[in-house]
Amino acid sequence: MLAGARLLKAAGVDAVDVTDSARARLSMSPIATCALIQQQVGIETIIHLTTRDRSLMGLQSELLGAHAVGVRNILALTGDPPSLGDYPDSSAVYDVDSIGLVRVLSRLNQGNDSAGASIGRMANFSIACAVDPTRADLEHEAARLKQKLDAGAHFVMTQPIYDVEVWLRFLEHFGGQIPVPVMIGILPLQSARHAEFLHNEVPGITLTDQALERMRIAGNHGRQVGVEMARELLLDLKPHAQGVYLMPSFGRYEVAAEVLAGVVTPA
């Protein structure tokens with residue numbers, strides 16, 4: 001993991017994104033992971049934090065700890081239900097959802113906890129929220145994004161898309177440009193089988209017919225074509241977003257570096 005972070009830093013990334021037991025599968029504490037990366041690699045991190053596994057008090061305790069060790073960029077998420085992962089009998093908490101977590105972070109930035117008690121001084125979190133521009137009900141998704149922005153989100157991170165038109169269509173439902181910076185998700189494809197798995201089995205990821213067909217035609221050259229598609233999309237998105245975040249599958253951090261080759265200036 002640390003080697004991957006060093007590779008990405010050298011490739012020119014600005015920050016490393018760390019998930020919180022994605023797809024409800026066990027992984028190391030994202031706060032500890034972010035602290036290790038920042039301390040040993042010297043690169044900024046963005047932590048996913050879900051409300052699935054923590055009570056309202058536990059969430060705030062975790063956030064105070066994250067702040068103390070210098071982890072300040074928080075993507076507020078509700079989180080996939082345990083039924084999707086390896087521990088289906090694990091209890092989901094969900095005292096608040098992602099909108100509630102954004103409110104908690106905003107209160108901490110004002111110097112208070114969710115109950116209104118002082119925490120001693122104002123926190124300094126950068127608050128991110130998520131949006132899925134591939135959902136069938138874009139009106140509902142746009143309404144939830146507006147709630148997250150009203151709650152105090154500072155920037156937006158999207159689920160992965162595979163066509164710039166998907167994002168432009170969401171903006172129409174939103175009613176215009178997002179009033180805060182947007183980072184659009186790009187997940188490089190590895191093969192036709194990988195593309196079909198993401199499209200059919202992973203919540204929040206929907207590929208276009210064109211992307212699925214292009215990977216089918218790629219055959220044994222799937223990884224190369226997947227990198228080309230990701231690089232093309234990154235360049236197409238430049239007029240429409242303030243950044244992108246790359247999500248290499250299977251811990252293949254070098255794939256993200258390949259996408260960036262020739263697009264950004266390495267460190």
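Taking other Cβ atoms within 10 Å as a rough exposure proxy, T19, T206 sort from fewest to most as T19, T206. Size estimate for region 177-219 follows the Kirkwood approach: the inverse of mean 1/r over distinct Cα pairs works out to 11.6 Å. Taking other Cβ atoms within 10 Å as a rough exposure proxy, M157, M57 sort from fewest to most as M57, M157. Counting Cα-Cα pairs of the chain in 5 Å increments starting at 0 gives whole-percent bin shares of 1, 6, 12, 16, 18, 18, 15, 9, 3, 1, 0, 0.
Sorted from greatest to least, the principal axis extents spanned by the alpha carbons of region 150-267 come out as 46, 36, 23 Å. Per-peptide packing, taken as the mean over residues of other Cβ atoms within 10 Å, places 124-130, 111-117 in the sequence 124-130, 111-117 from highest down. Taking the helices alone, the chain has a mean residue ellipticity at 222 nm of -13000 deg cm²/dmol, built from -39,500 (n - 2.57) per DSSP H run of at least 4 residues and averaged over all its residues.
Counting only DSSP beta bridges with both residues in the chain, the antiparallel share comes to about 5 percent. Panel order for Y162, Y245, by other beta carbons found within 10 Å of each beta carbon, from fewest to most: Y245, Y162.
Each reported figure results from applying straightforward, stated rules to the coordinates on display, with no laboratory input. Keep in mind that this is a model prediction, so the values were computed, not measured. Virtual Cβ from ideal backbone geometry, glycine too; neighbours counted across all protein chains shown.
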